[in-house]
Amino acid sequence: MMSGVGRAMAAFPHGGGRDISTDFTRLDWNELRIDSVLPRYTEVIPLESDYRNYDYAVSLEYPEYVPLTRDESMVAERFDSLVDDHISVSTFVGVQRKVGVLDISFVPIIRKGGKYLKLISARVTITPTPKPASRRKSQTTGGSGTRYAAHSVLKDGRWVKISVTEDGVYALTRARLRRMGFADPDKVRLYGYGGYRQKELIQADSDYDDLQEIPLYRQDDDTWLFWANGLVYWDGNTRVFNEYATQSCYFLTEGGTPATLETLPTVAASPSKGQVSTFTGHTLYERDEFAWFSGGRNLYDGTNYASGNSHTYTLSTTDSDGDERLTVAFTAGHKKPTQVQASVNGHDVATLSMSGLSEYTYGTGAAGTYDVGAHSTGSVWSVRLTSTAGHDARLDYLALHYRRRISVPSSSGYVAFSAPSGQQSPCTFTVKCAPASTRLLRVDAARSRGALVELVAAGDQTATATVDAPSARYVAFDTSHSFPEPAYQGEVANQDLHATDSLDMVIIVPSSGKLLGEAQRLADAHARYDGLRVGVFRADQIYNEFSSGTPDATAYRRFMKMLYDRATTDARAPRYLLLMGDCAWDNRMLSTTWKSHSADDYLLCYESENSFSDTRCYVMEDYFGLLDDGEGVSPILEKTDLGVGRFPVTTQAEARAMVDKCIAFMSRSNAGAWKNLVFVLGDDGDQNSHMSSADEVAEQVRLGCPGTEVHKVYWDAYQRVSTIKSNTYPEITSLLRRQMGEGALVMNYTGHAATYCLSHEFVLQTEDFSSARGQNLPLWVTAACDVMPFDGQTANIGEQAVLNAQGGALAFYGTTRTVYSTQNLLMNKYFMKYLFSRDSQGNPLRVGDAVRLAKMNIVMQESSRSQYLENKLHYALLGDPALAVTQPSLRVVLDSIAGVPLASGASVPLRAGQRVKLAGHVQDAGNNEVRDFQGVLTSRLFDSQVTVTCRNNAGAKSPFTYKDRTSVLFVSQDSVRGGRFSLETVIPVDISYSNASGRFVFYAIDMGTRREANGYCEQFTLGGVDGELDADTIGP
């Protein structure tokens, strides 16, 4: 839950370990409610610029507690594992657009003397302690020019892309190079680093940039050799695969002087430091073909054990020296627990157990590693897996790890190896080989071109090499072996993304380039209407310079990070990223669901490791905005630096429809009083919790944006029609369909949902969004489940709404997976707060800013053991993040009512039937009249506020009640000339006669400049009858 204080806190100056105490904090338990779960108090506090040099401890001093009520104590008892006899404060230091922030989070409840108590107030004390010098980090980001090349090597010359699929030594022959179009193969140069998945943790001291040249080894007059990284590497005994690519790419060019392989200086041997003749070898069996759930990065074997519960796999070792261990990773998708028994060469070695499916879970997995060396029968290993009969179950992968001799096999002609972890330097490798024809290559030194290592013959079939970096990767290869050639991918046009100047916004389109025209049209519109600097780039161009031509989602992030790091001020750093292209949870398109699609028509997405659960699995657009060094490994905690949006489009027609909507909105060509309307919708059921949450959002908007008309549409306030088959709200359906045609600025819904409907009563369905007609399009916000899983192929409300060329939605902010209502309220309130806010210069925040800031302020701790950890990651924006869906910058001010000046503060009584003259003006943020405003004013008069008691259709403990102005007494349109207006109207007779305040709401638009203004006035009462109104004396 959100903190009840909500105050802005200044950055804390640092002193050597001294305490820094805030004012006493009083918790607002109207907001920190204990309903179905325990709340968490959270705070985000800005830090000083040297925050990296400090550790922070937070304590609560002088705490004051009161007992929980009986009902609250029952909830606390259910979550007793989260409660102790003292409050444990969790902290995390994050970075938001290069500014350090301290996240504070705790459950404000304790257990003492057998009773539960809640915190009422305390003094929050923050103690910064200087880190040891060894742990301090530089305050710079390396943006001075040393970290990033000024230009890409792809800027000039002719370039060809080649590819491989697995690690190995590869050959480039003179004949093949000529077929690729190179006139002088002797001058061909190789660039790149292959297809290993990009490191998600980016650090200045380990980062690399652009394409690095790789020196070729000349095997003979007509053949050159090189080592290529494939798509899988091993981190210890964990295989790491590239879930974005099926080919690992490199580049060839011609001209200049090719780099030469240098030989590293001789290192003196040190017998005391160790001789190494073996390393850990791995054999992997994995087939990625099937998904239990439409989400996540992992795929599984295509064979279902339900149709045959026992299968045998053959794995082999090369030059094994024993110590064999087998990893079995298995999955199941059955409501009851599943077991799988593994045997090796006829001997049972292990039994894995997987739990049955639970709510929101579509698969489960288990993995284990077992010693199997005692069952060796040679180099061939037969692994048999037998699972519970009849259960849906599939293999994830098998991996055989073993101690392998450093020996060059005749079959492959090479061996790649590293010393065991912790090996001291210098280290001497002993290699079984033919010394005369064997060479040793170091291939993975950071930012290094690779180099030869001297091999010293130690016999006819043995050689040694002493190195000072034993953990590096080395390849011993037989120069007489015939190695395979890489595949030819085609020519690559010159490009130079490294020369990109600072931008406010980046638009990325799929590699096919079909959407370039529409992307540029949108970029031009932002430049024309907003003054934004926008760049448009193809995905393959980004891969070429930031992931060696191999598709990788982190390449998008590294490109944005380059622009971000180079920025010398916040104003020059990018703020928005628009992914103009649909995506697939199966980025490689290997599964049956996706294999018929073309990857070149899609952009990549960042999927979670969890690939089983509708709540734990996520597709995370914010990943591309993690731009500060050290980010990329804790997405739940880290702060995104960009507002990210996506157009889920694959065709020009789809892109054109979305761009047309954006341009119409930016140009205000359809602007009118509809832009002053915000509709807040609340589902029934669940003890009125959804309507209660919706009303919190509505009241926040009403109080924060008083010039806006907030319309409350809560299901339980309307008649529900019940039949044997279903319950419906036809009046609400009709109202919302009509409003979708007439228009609104925002439509905000809280409640139950699915991909195909809003609420169990099917108040709105997918067809309502796909068939809606109208030009006045709202931003839809849904605090509900599964409304827009855009990474799948299921038709859904969010995508249908934004892709509808004749109506639907301008943009859609909602969820891709199942979410929890408590956290939804927090997201909804933060998002709506920032949507209608302005920055320190008075400029309106844009939709992307609202997304970024809302998520920045939602604090979760990975140690909290909460099922809500991923909740905020499920929210995404389908639409342009640089749109300003906000309040007008100008204000309509009412100066007098019935000749009574309002500046005096007096409340003017108005009576039914009274003819009333209103006069006012339009002013700017500095309270200056806008004399050149020439346009139309729309005025609405609302009756006094009433308390609405709902019908309790869903049988809650008590009916839901809320306050609203339910009666619109009149609507009029009048002219504004020279920034002033005057109008006359008659107060209708159907007022409530409450003598309470009514409400005027105004919206004005300048017909020439399309400037907008709004305002309101409640400085009058409605009651009584005007004396000139004839009495009604005629009976019915």
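Each value in this text was obtained by applying a stated rule to the coordinates, not by laboratory testing. Fair warning: this is a prediction, and the values are worked out from it, not measured in the lab. Quick reminder, even Gly has a Cβ in these numbers, built from the backbone with ideal geometry, and neighbours come from all protein chains shown.
General remarks:
- Stokes-Einstein diffusion of segment 882-1035 at 10 °C, 1.306 mPa s viscosity, Kirkwood radius from Cα pairs, rounded to a whole number: 92 µm²/s.
- The chymotrypsin sites (Phe, Trp or Tyr not before Pro) found in segment 967-1004 that occupy coil by DSSP, while having at most 16 further C-beta atoms within 10 Å, are Y993.
- Over segment 20-135, Cα pairs under 8 Å with separation of 6+ residues give a relative contact order of 44 percent.
- Within the shell defined by Cβ-Cβ distances under 10 Å, the residues around Q198 carry a net charge of +2, with Lys and Arg each +1 and Asp and Glu each -1.
- Computed over the chain, relative contact order equals 9 percent, with contacts defined as Cα pairs under 8 Å that lie 6+ residues apart.
- Packing-based order for 227-235, 583-591, using average beta carbon neighbours within 10 Å, highest first: 583-591, 227-235
- Cβ-defined net charge surrounding D849, 14 Å radius [Lys, Arg +1; Asp, Glu -1]: +1
- By the Cβ-Cβ criterion of under 4.7 Å, the unpaired cysteines of the chain are C249, C427, C433, C617, C662, C705, C757, C785, C950, C1017.
- Each of M580, M1007, M788, M180 was scored by other Cβ atoms within 10 Å of its Cβ. Arranged with the fewest first, they read M1007, M180, M580, M788.
- All lysines inside 17 Å of K872 as judged from Cα atoms, apart from same-chain residues fewer than 8 positions distant: K639, K829, K833, K855
- Note on the chain: with charges restricted to the Cβ of Lys and Arg (+1) and Asp and Glu (-1), its dipole about the Cα centre is near 640 debye.
- Dimensions in Å of the chain - Rg and Dmax from alpha carbons: 33.3, 125
- Ordering V107, V680, V893 by the number of other Cβ atoms within 10 Å of each residue's own Cβ, fewest first, gives V893, V107, V680.
- In this structure, the amide hydrogen of D321, modeled 1.01 Å from its nitrogen in the peptide plane, lies closer than 5 angstrom to those of R403, R404, R405, counting only residues at least 5 positions away or on a different chain.
- Cβ-based net charge around L604, under 14 Å, with every Lys or Arg adding one and every Asp or Glu removing one: -4
- Sequentially through segment 376-381, phi angles give Karplus couplings (6.51, -1.76, 1.60; θ = phi - 60°) of 5, 10, x, 8, 9, 10 Hz, Gly and Pro residues having no value and appearing as x.
- Full extension of the segment from T947 to S206, taken as 0.36 nm per residue of separation minus the current Cα-Cα distance, would add 260.5 nm.
- Inter-label distance, Q793 to A527: 3.9 nm, where each label sits 7 Å from its Cα along the C-beta direction.
- Among 755-767, 660-672, sorting by the average number of other beta carbon atoms lying within 10 angstrom of each residue, highest first, gives 755-767, 660-672.
- Three-way shape call for segment 672-878 based on the alpha-carbon gyration tensor, with the a/c threshold at 1.5: rounded
- Per-peptide average of other Cβ atoms within 10 Å, ordering 628-635, 837-844, 244-251 highest first: 244-251, 628-635, 837-844
- Helix-only mean residue ellipticity at 222 nm for the chain, each DSSP H run of n ≥ 4 adding -39500 (n - 2.57), per residue, nearest 500: -4000 deg cm²/dmol
- Rounded to whole Hz, the Karplus (6.51, -1.76, 1.60) HN-Hα couplings of segment 968-973, x for glycine and proline: 8, 7, 6, 10, 9, 10
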